[in-house]
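J.: If you scroll down you'll find the structure; I have some questions about it.
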Amino acid sequence: MQYELSTQGTEAVLALRERFTAVDAPEFRSIIHSIGELAVRTVVIDLERLDFIDSAAMGLLVLVRDSAMSRAITMRVRAPQGQVKKAFAIFNFSKLFDVEP
């Protein structure tokens, strides 16, 4: 997994690239922890350039969403494409996340 984290005002954008799998869990948790230390009200997970996601990584997104909700932080997912978009459809993630096209 490759990523880029940027902030603007009270919004953090985490852009993920390449593959996001169970192997990336420790690094992803570390990234999310660092976002939690910022004074943000919104977290956007940008998936436009993510080529692949496995079920374990999708579970991590759900955990992050639950954590954000418990701290009154809005979480959105942006632009899933290809296999990632198909996985979101299979798991009905549009019911769990605000998914931007």
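The values are calculated or read from the model by the stated rules, or taken from the named source; none is laboratory data. Just so it is clear, the structure is predicted and the values come from calculations on it, not from any experiment. When we count neighbours, we look across all protein chains shown, and the Cβ atoms used for this are built from the backbone with ideal geometry, even at glycine. For accessibility, only protein heavy atoms count, side chains too; no ligands or nucleic acids. Shrake-Rupley method; radii C 1.70, N 1.55, O 1.52, S 1.80 Å.
J.: Counting each DSSP H run of 4 or more residues in the chain as -39500 (n - 2.57), what helix-only mean residue ellipticity at 222 nm follows after dividing by all residues, to the nearest 500 deg cm²/dmol?
T.: Helix contribution divided over all residues of the chain: -11500 deg cm²/dmol.
J.: Post the alpha-carbon centroid distance, region 17-46 to region 71-101, in whole angstrom.
T.: For region 17-46 versus region 71-101, the Cα centre distance is 15 Å.
J.: In nm, to one decimal, how far is the modelled label at Arg29 from the one at Arg71, with both set 7 Å along Cα→Cβ?
T.: Calculated label separation equals 1.5 nm.
J.: How big is the chain by Rg and Dmax over its Cα atoms, in Å?
T.: 12.3, 34
J.: Just to confirm, what accessible area per residue do you get for the chain at 1.4 Å probe, in whole Å²?
T.: 56
J.: Please arrange Leu38, Leu47 by accessible surface area, largest first, computed with a 1.4 Å probe and ligands excluded.
T.: Reading off the accessible areas and sorting them downward yields Leu38, Leu47.
J.: Same structure, new question: Figure the gain on full extension for Leu63 and Phe91 (residue separation times 0.36 nm, minus the Cα-Cα span) and round it to one decimal in nm.
T.: That works out to 8.6 nm of additional length.
J.: Hey, another quick one. When the accessible area of the chain is computed with all protein chains present and a 1.4 Å probe, what percentage of it is carbon and sulfur?
T.: About 51 percent, which is the carbon plus sulfur part of the accessible surface.
J.: What figure, in Å² to the nearest 10, do you get for the accessible area of Asp46 with a 1.4 Å probe and non-protein molecules left out?
T.: Rounded to the nearest 10, that gives 30 Å².
J.: Simple spin-label model, 7 Å along Cα-to-Cβ: Arg41 to Glu4 in nm?
T.: 2.6
J.: Residue farthest toward the positive end of the dipole of the chain, with Cβ of Lys/Arg at +1 and Asp/Glu at -1: which of Ser6, Ala89, Phe28?
T.: Result: Ala89, furthest along the dipole toward the positive end.
J.: Let me ask something additional. Helix 25-36 sits at what angle to the longest principal axis of the chain, using alpha carbons and giving 0 to 90 degrees rounded to 10?
T.: 30
J.: Continuing with this model, one more query. Considering only protein heavy atoms, what is the solvent-accessible area of Ser34 at a probe of 1.4 Å, reported in Å² to the nearest 10?
T.: 50
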